Amino acid sequence: MKAIKEEHPFLKSITLKSVISDKRLYKGFIFILLSQLILALSLISSNYPKQSWIFTVITIIATIFCIKWANNIIKKDKYDTYDYGVPPFNKKWYIISLILLILYFFVSPILTNLLGAHSVSQENQNFLNTLIKNSPVSMFICISILAPFCEELTFRLLWPKAFGNSILAYIIMTFVFISLHSPTGLSGWVSYGLLGAILLYVRLKSDNIYNSIATHMTWNTVSFILSLIILPK
């Protein structure tokens with residue numbers, strides 16, 4: 001099936017009934033819940049180091065299940081009234097996303113300083129760093145593989161479509177995505193806000209959810225490696 005360019009009106013009229021009856025709304029909740037439950041397993045496994053391999057195996061199985069289900073949803077997704085053939089992964093937009101991530105790395109602290117905000121340690125990242133130190137394998141799977149699939153599928157496909165598939169719906173869901181990462185202070189909002197903007201831009205411009213997933217995976221993997229480097233021995 002030939003891919004059809006997806007169109008997003010800036011604003012689309014929706015009804016509460018249409019949102020509640022849309023299965024994509026509930027699928028998004030399930031994906032977010034699964035990602036949090038698997039993250040909780042890593043927290044539990046840190047208290048049982050000798051049995052950590054069991055939790056790692058469970059994490060791997062759960063991640064494989066989530067990815068297979070996510071791929072199935074993406075391939076069968078329907079856009080409004082016509083079937084949509086999933087376009088191939090766009091290498092050009094992935095390269096563009098890497099350039100944007102490099103710029104983000106330098107622009108984020110500069111913008112924070114221009115706004116007169118102090119860079120503060122992010123509580124969400126501190127919590128993840130503790131889990132990374134205690135359960136590095138499980139956390140790598142959660143952070144670099146599972147989270148990008150679950151979060152991109154939910155915030156940049158399922159929920160925006162459930163709320164009308166409009167540009168405004170994508171923006172609102174990206175704001176929800178930022179909020180759920182519990183940004184600390186203005187610097188946190190700037191940091192997560194820029195990252196969310198990059199993921200949304202790549203998703204819409206490439207017209208492909210796999211591109212934003214790959215971008216998200218790349219950033220989370222880099223963050224994971226940096227966390228390992230800076231963690232106290």
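The values are calculated or read from the model by the stated rules, or taken from the named source; none is laboratory data. All values reported here derive from a predicted model rather than from experimental measurement. So basically every Cβ, Gly included, is an ideal-geometry build from the backbone, and we count neighbours across all protein chains shown. Keep in mind that these areas ignore ligands, DNA and RNA; they rest on the heavy atoms of the full protein, side chains included. Shrake-Rupley method; radii C 1.70, N 1.55, O 1.52, S 1.80 Å.
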In region 207-220, the residues that are under 18 Å from Ala70 (Cβ atoms) and either open to solvent by 10 Å² or more (accessible area, probe 1.4 Å) or within 11 Å of the chain's Cα centre (by Cα) (or both): Asp207, Ile209, Tyr210, Ser212, Ile213, Ala214, Thr215, His216, Met217, Thr218, Asn220
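Being of a type in the set (S, T, N, Q) and outside any helix (DSSP H, G or I) is the filter; apply it to region 92-151 and report the residue that is farthest from Phe29 (Cα to Cα).
Keep residues of region 92-151 that are of a type in the set (S, T, N, Q), which gives 97, 108, 112-113, 119, 121-122, 124-126, 129-130, 134-135, 138, 144.
The next check asks that each one be outside any helix (DSSP H, G or I); those that pass are 119, 121-122, 135.
Working: Ser119: 32, Ser121: 29, Gln122: 25, Ser135: 26 Å.
Ranking the candidates gives Ser119 first.
I'd like the full set of residues that are among the polar types (S, T, N, Q) and open to solvent by less than 50 Å² (accessible area, probe 1.4 Å), limited to region 180-198. First the steps, then the outcome.
Step one: filter region 180-198 for residues among the polar types (S, T, N, Q), giving 182, 184, 187, 191.
Passing the criteria: Thr184, Ser187, Ser191.
Looking at Tyr170, Tyr201 in this structure, which one is closer than 30 Å to Leu114 by Cα and either touching a Ser or Thr at 6+ places or on another chain (Cβ under 8 Å) or surrounded by fewer than 21 Cβ atoms within 10 Å (Cβ to Cβ) (or both)? Explain how you work it out, then say what you get.
Values: Tyr170 fails: either touching a Ser or Thr at 6+ places or on another chain (Cβ under 8 Å) or surrounded by fewer than 21 Cβ atoms within 10 Å (Cβ to Cβ) (or both).
Sole residue among the options that is closer than 30 Å to Leu114 by Cα and either touching a Ser or Thr at 6+ places or on another chain (Cβ under 8 Å) or surrounded by fewer than 21 Cβ atoms within 10 Å (Cβ to Cβ) (or both): Tyr201.
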Tell me yes or no: at least one residue of region 128-148 is at pLDDT 75 or above, within 18 Å of the chain's Cα centre (by Cα), of a type in the set (Phe, Trp, Tyr) and buried (at least 21 other Cβ atoms within 10 Å of the Cβ). no
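Going through Ile58, Ile30, Ile67 one at a time, which residue ends up being touching a residue at least 40 places away in the same chain (Cβ under 8 Å) and either out of contact with any strand residue (DSSP E or B) (no Cβ under 8 Å at 6 or more places or on another chain) or surrounded by 11 or more Cβ atoms within 10 Å (Cβ to Cβ) (or both)? Can you show your working first?
Working: Ile58 fails: touching a residue at least 40 places away in the same chain (Cβ under 8 Å); Ile30 fails: touching a residue at least 40 places away in the same chain (Cβ under 8 Å).
Of Ile58, Ile30, Ile67, the one residue that is touching a residue at least 40 places away in the same chain (Cβ under 8 Å) and either out of contact with any strand residue (DSSP E or B) (no Cβ under 8 Å at 6 or more places or on another chain) or surrounded by 11 or more Cβ atoms within 10 Å (Cβ to Cβ) (or both) is Ile67.
Yes/no per residue for (1) among the hydrophobic types (A, V, I, L, M, F, W, C); (2) at pLDDT below 90; (3) more than 20 Å from the chain's Cα centre (by Cα); (4) more than 21 Å from Trp69 (Cα to Cα):
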site	(1), (2), (3), (4)
Ile4	yes, yes, yes, yes
Val19	yes, no, yes, yes
Leu25	yes, no, no, no
Ser45	no, yes, yes, yes
